[in-house]
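Student: Here you go, one structure.
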Amino acid sequence: MKSTGVVRRIDELGRIVIPKEIRRNLGIRDGENIEIFTDNDSIILKKYYRMSTNTDLATTLSELIYNTFNDKVIITDREKVIAASGLNMDLVGNTLTEEYLNIIEEREIKTKENTSLKIGEYTINGNIVFIPIISLNDSIGLIIMISDSQVKDEIAIGKLASSIFSQKLDI
């Protein structure tokens, strides 16, 4: 554990303020949820990702899409890849760059034809569709579909997968 040197007083309601610089460095936005853990005499705060509690669903969906439609699929939360199928590389756990976070924030389906996609140390080529996953009015991840041919069915398939996540997480 790394010390920040910051000391804060707890107010009469038990609240503390996490300094803006720390929130910015950790990518914590206003209104985001934080998980609270305890370890002996320590309190640990961690960013909470609703998507990361659904990695089994993400894995099952990505495999189902690949096995049924032969489309390569990557599913992410706001921080990293949580599932991937049809690719000869281990993308799970790779951190997303600012480019992907911007696509998530824009909340719009984007297509890129004959392009390269870089995730971690891996580069993927093809026609790519980005479908944001929106739950409870918050953009929480991406469905990325990769195809060697024209992207048409991939948009519909990706929308369906995104909708499944939204329905499950909105409950």
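Student: Quick one: plug the Kirkwood hydrodynamic radius of the chain (C-alpha pairs) into Stokes-Einstein at 37 °C, 0.692 mPa s, and report D in µm²/s. Present the calculation step by step, with values, prior to reporting the outcome.
Tutor: Working: Rh = 17.5 Å.
Rounded, D is 187 µm²/s.
Student: OK, next. Please go through the residue pairs K46/K80; K47/K110; K118/K168; K2/K118; K20/K159 and name each one whose alpha carbons sit more than 25 Å apart in this structure.
Tutor: Working: K46/K80 15 Å; K47/K110 27 Å; K118/K168 29 Å; K2/K118 30 Å; K20/K159 35 Å.
Over 25 Å apart, Cα to Cα: K47/K110; K118/K168; K2/K118; K20/K159.
Student: If you take the square roots of the eigenvalues of the alpha-carbon gyration tensor of region 118-160 and sort them as a ≥ b ≥ c, do you get rounded (a/c under 1.5), prolate (a/b over b/c) or oblate? Working shown, then result.
Tutor: Details: a/c = 4.33, a/b = 1.31, b/c = 3.31.
The shape class here is oblate.
Student: Then there's this: Quick one: helix 153-170 against the long Cα principal axis of the chain, what's the angle to the nearest 10°, folded into 0 to 90?
Tutor: 30
Student: Moving on to the next point. Counting Lys and Arg as +1 and Asp and Glu as -1, each charge on the Cβ, what is the dipole of the chain about the Cα centre in debye, to the nearest 20?
Tutor: On the way: 21 positive and 26 negative charges, 81 e Å.
Here the size comes out at about 400 debye.
Student: Using only DSSP helix segments of four residues or longer, with each worth -39500 (n - 2.57), what per-residue ellipticity at 222 nm results for the chain after dividing by its residue count and rounding to 500? Walk me through the numbers on the way to the answer.
Tutor: Numbers: 4 runs with 49 residues, N = 171.
About -9000 deg cm²/dmol.
Student: Under a GNM of the chain (C-alpha, springs under 10 Å), which listed residue has the highest mean-square fluctuation: K152, K20, K118?
Tutor: K20
Student: If each residue of separation counts as 0.36 nm, what is the full-extension length gain between R29 and T59 once their alpha-carbon separation is subtracted? Could the numbers behind the result be given before it?
Tutor: Numbers: separation 30, 0.36 × 30 = 10.80 nm, distance 2.72 nm.
Here the segment from R29 to T59 would lengthen by 8.1 nm.
Student: Would you work out the relative contact order for region 51-170, in percent, from Cα pairs under 8 angstrom that are 6 or more residues apart? Numbers along the way, then the final one.
Tutor: Values: 237 pairs, mean separation 25.5, N = 120.
Relative contact order comes out at 21 percent.
Student: Also: May I ask which residue of L26, I109, L64 lies farthest towards the positive end of the charge dipole of the chain, with charges of +1 (Lys, Arg) and -1 (Asp, Glu) on Cβ and the Cα centre as origin?
Tutor: L26
Read-outs throughout are calculated quantities, based only on the coordinates presented, and are distinct from any laboratory measurement. Bear in mind the structure is a predicted one, so any value in this text is a computation, not a measurement. Methodologically, a virtual Cβ is constructed for each residue, glycine included, from the backbone with ideal geometry; neighbour enumeration extends over all protein chains shown.
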